[in-house]
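Here the structure comes first, spelled out in structure tokens, and everything after it is commentary.
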Amino acid sequence: MNHYSDLKDLKDFQATVDLALELKNDPYAYEDLGKRKTIAMVFFNNSLRTRLSTEKAARNLGMDVMVLNVSNSWNLEFEDGTIMNLDTAEHIKEATQVIAQYADIIAVRAFANLKDKIEDQQEKILNAFIKNAGVPIVNMESALSHPLQGLTDAITIKEQELKKRPKVVLSWAPHPRSLPHAVANSFITAMKMSDVDLVITNPRGYDLDPEITAGTEINNDQIEACKNADIIYVKNWSSFDSYGKVIQQDIDWMMTQEKLGHAKFMHCLPVRRNVVVEDAVIDSDQSVVIEQAGNRTFAAQAVLKLLLKDLN
Ligand code: CP
């Protein structure tokens, strides 16, 4: 594997899920694989889980870790041919090549701006690293996808040891802010690569990119969609059609115990309690959000192991 920009970069998705579970069982089995190798984690946006779990994963493999918060660095220019006499002090072309001299693998977090759909679909920042750096790039959430989270979600569902072909529901929930589509996109992609029955439920006007949801049932009736679910994965996203807009915040879409039924509750975190999910759900035994966040380490470790194997 050259890069991990998307779940589709994995040659064998289910084998990678199994590898992550093996690593969870024995985290230091490959503690020398990354000896004298360095990962640089570059953050254009905030993070708690991705930052710490990716660092932990790299250290479990014996790697050195460097972190760059771009907000503490120089303002970067992304356009070609710009006369840089305004606010930008360094071009992404130099920045990526310089970072690559200090690191064997670069991991990048650069969210959607949610203002311009075409610009977000170009994945400018992630692709600038892939084009210029010359070392493997790991996507720690880009404009369109969050493949470390999607892999984690598949691992967490596999661990639940549910019936064959469980019913998995991805439910939209209200949120006061405009949030990206990346987590939902990668969850759908991961579920399409898994042996599950996936149903998406969201209000009208909140359908995700049809290229990603193609072939998956979309039900605008949340109560009906959640019936007999084994897993309910809750997430807010802003409108895709009215790009980046919050077009409704109907609290009736919050996940409640009644809608959850006997299902397990999943969410990528961070989550706004009593907006996205009521306390009774997230505090219940049916909530697996803490285990899910814990599995971020082993998803990242599996990906880094695959990249290191091809580096060595
Ligand atoms: N789920 C997730 O990516 O969490 P962070 O934004 O805290 O990294």
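The values are calculated or read from the model by the stated rules, or taken from the named source; none is laboratory data. From a predicted model like this one, the values you see are computed outputs, not experimental measurements. Every residue, glycine among them, receives a Cβ derived from its backbone with ideal geometry; neighbour counts consider all protein chains shown. When the accessible area is computed, the model is the full protein with side chains, heavy atoms only, and any ligands, DNA or RNA have been set aside. Shrake-Rupley method; radii C 1.70, N 1.55, O 1.52, S 1.80 Å.
Here the Karplus relation 6.51 cos²θ - 1.76 cosθ + 1.60, evaluated at θ = phi - 60°, turns the backbone of segment 206-211 into coupling constants of 10, 4, 7, 3, x, 5 Hz, with x for every Gly and Pro.
Can you pull out the trypsin sites (Lys or Arg not before Pro) in segment 106-141 whose DSSP state is coil and whose Cβ has at most 15 other Cβ atoms within 10 Å? Those that pass, being in a loop and sparsely packed, are Lys115. Each helix, a run of at least 4 DSSP H residues, gives -39500 (n - 2.57); summed and divided by the residues of the chain, these come to -10000 deg cm²/dmol at 222 nm. Residues whose amide H falls under 5 Å from that of Val67, counting only those 5 or more places apart or on a different chain, are Met41, with hydrogens built in the peptide plane.
Considering segment 164-241 at the alpha-carbon level, its Rg and Dmax are found to be 11.7, 37 Å.
Ligands, DNA and RNA excluded, the heavy atoms of Leu52 present near 110 Å² of accessible surface to a 1.4 Å solvent probe.
Using the alpha-carbon positions of the chain, Rg (one decimal) and Dmax (whole number) come out as 19.5, 61 Å. Please check which bits of segment 83-126 a label hung off Asn75 would reach, taking the label as a point 7 Å along Cα-to-C-beta and the cut-off as backbone N under 16 Å. Only 83-92 pass the distance filter. The relative contact order of the chain comes to 21 percent, based on Cα pairs under 8 Å that sit 6 or more residues apart.
A simple spin-label model places the labels of Asn113 and Asn2 2.8 nm from each other, with each point 7 Å out along Cα-to-Cβ. With the cut-off at 18 Å, tell me which of the pairs Lys11/Lys309; Lys164/Lys264; Lys8/Lys192; Lys8/Lys264; Lys158/Lys192 have Cα atoms farther apart than that. Lys8/Lys264, as the Cα separations exceed 18 Å there.
With Cβ to Cβ distances under 13 Å as the rule, what net charge do the other residues near Met254 carry (K, R +1; D, E -1)? Don't skip to the answer; put the middle values down first.
Details: positive: Lys235, Lys259, Arg272, Arg273; negative: Asp250, Asp252, Glu258, Glu278, Asp279.
Around Met254, the surrounding residues sum to -1.
If you restrict to DSSP beta bridges whose two residues both lie in segment 84-203, what percentage is antiparallel, to the nearest 5? Walk me through the numbers before you get to the answer.
On the way: 0 of 8 bridges.
The antiparallel fraction comes to roughly 0 percent.
If the Kirkwood radius is taken over C-alpha pairs of segment 162-312, then at 20 °C and 1.002 mPa s the Stokes-Einstein diffusion coefficient equals 133 µm²/s. Set against the 2.2 N^0.38 Å expectation for a compact globular protein, segment 42-118 has a Cα radius of gyration ratio of 1.27. For segment 8-113, chymotrypsin sites (Phe, Trp or Tyr not before Pro) are listed when DSSP marks them as loop and at most 16 other Cβ atoms sit within 10 Å of their Cβ; the list is Tyr28, Trp74, Phe78. Once the chain from Asp252 to Arg36 is taken as fully extended at 0.36 nm per residue, the excess over their C-alpha distance is 72.5 nm.
Semi-axes of the equivalent ellipsoid for segment 73-120, computed as √(5λ) from the eigenvalues of its C-alpha gyration tensor and ordered from largest down, come to 21, 18, 9 Å.
The Kirkwood radius of segment 247-312, taken over pairs of alpha-carbon atoms, gives through the Stokes-Einstein law at 25 °C and 0.890 mPa s a diffusion coefficient of 176 µm² s⁻¹. Given in Å, the Rg to one decimal and the Dmax to the nearest whole number for the Cα atoms of segment 1-149 are 16.1, 54.
On full extension of the chain, what length is gained from Lys131 through Leu311, given 0.36 nm per residue of separation minus the C-alpha to C-alpha distance? Working shown, then result.
Numbers: separation 180, 0.36 × 180 = 64.80 nm, distance 1.78 nm.
That pair, Lys131 and Leu311, stretches by 63.0 nm at full extension.
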